[in-house]
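Each remark here refers to the structure printed beneath this line.
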Amino acid sequence: MQSGEKHKQNNLFVYERYVDLTKVHHIGTSLQEEDIIKIQHIFMSCGVHHVKIKNITAGREIIAKFLNALNCYCEVGCLTMEKDQLFDNVWDMYYHLIGGGYIQCNQLVKREQFFVDEFYADFLWVEATDKLMLQSWFVMIQKALVDLHIDQYVPIIFLSYEDQ
C-alpha cells in the first residue's frame, strides 16, 4: 500500500468516526418531492450530516436550492479545494485557512484561533473530495468541528461523490 493510500484511509477513518455513515442520504441528480422531504431536516438541524451525490456540480445545485428555499442563514461557509468558484455570499473556508496562515507545511496551526477569529458560519458544507481527504490538516479540521462543539450550533453537511 502506498503512503498516500494509507493516509487517505486514515482520513476516512476520522471522517467515518464523526459522520455516521450508516445514515447516509443518497440523492439523485434531480430532486423529487420525497428527496426534499427526506433530507430537509439536515439543512435545519445542527450536527454533522453526510450526503452522497453524483458529483460536485449536482451537490452544489442541491445546496443552492435548499439554501435559497430556506433563506434563513446569514453566513454560509464551504470547505473545498476545488478550483470552481463558489456562488456569491459563500464564505470560502479553505481560502481563509490558507490566507490567514493557518495551514503551514500541510498542518493546521492555531486551530482555536482560527475558529474564534475567522469562523462565523451558521451553515457549513464540506466537499469531501479525494483531494481534500488526502490533506493531513483535514483530520484536524474534522476534530476541531467536534472538539470545539461547533457541530452543536451549526449544521455541517459532508458531501461525498459517486463520480470519484
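The numbers here are math on the coordinates, done by the rules we state, and not lab data. Please read all numbers here as calculations on a predicted model, not as lab measurements. Heads up, the Cβs are rebuilt from the backbone with ideal geometry, glycines too, and the neighbour counts pull from every protein chain shown.
Name the residues whose placed amide hydrogens come within less than 5 Å of the amide hydrogen of His50, ignoring near sequence neighbours (fewer than 5 apart) on the same chain.
Excluding prolines and chain starts, which carry no amide H, the hits are His25, Phe158.
Could you check the spin-label model distance between Ala64 and Tyr95? Points 7 Å from the Cα along Cα→Cβ, value in nm.
1.6
How many angstrom separate the Cα center of segment 51-77 from the Cα center of segment 104-158?
After rounding, the separation between the Cα centres reads 18 Å.
Using packing as a proxy for protection, rank 107-119, 145-157 so that the peptide with the highest average count of other Cβ atoms within 10 Å comes first.
145-157, 107-119
Which order, highest average first, do 81-93, 55-67 follow once you tally other Cβ atoms within 10 Å for each residue and take the mean per peptide?
Ranking, from highest mean packing down: 55-67, 81-93.
Taking θ as phi - 60°, what are the ³J(HN,Hα) couplings along segment 127-144 by the Karplus curve (6.51, -1.76, 1.60), each to the nearest whole Hz, with x for Gly and Pro?
Calculated HN-Hα couplings, in order: 8, 7, 7, 4, 4, 5, 5, 7, 7, 4, 5, 4, 4, 5, 5, 4, 5, 5 Hz.
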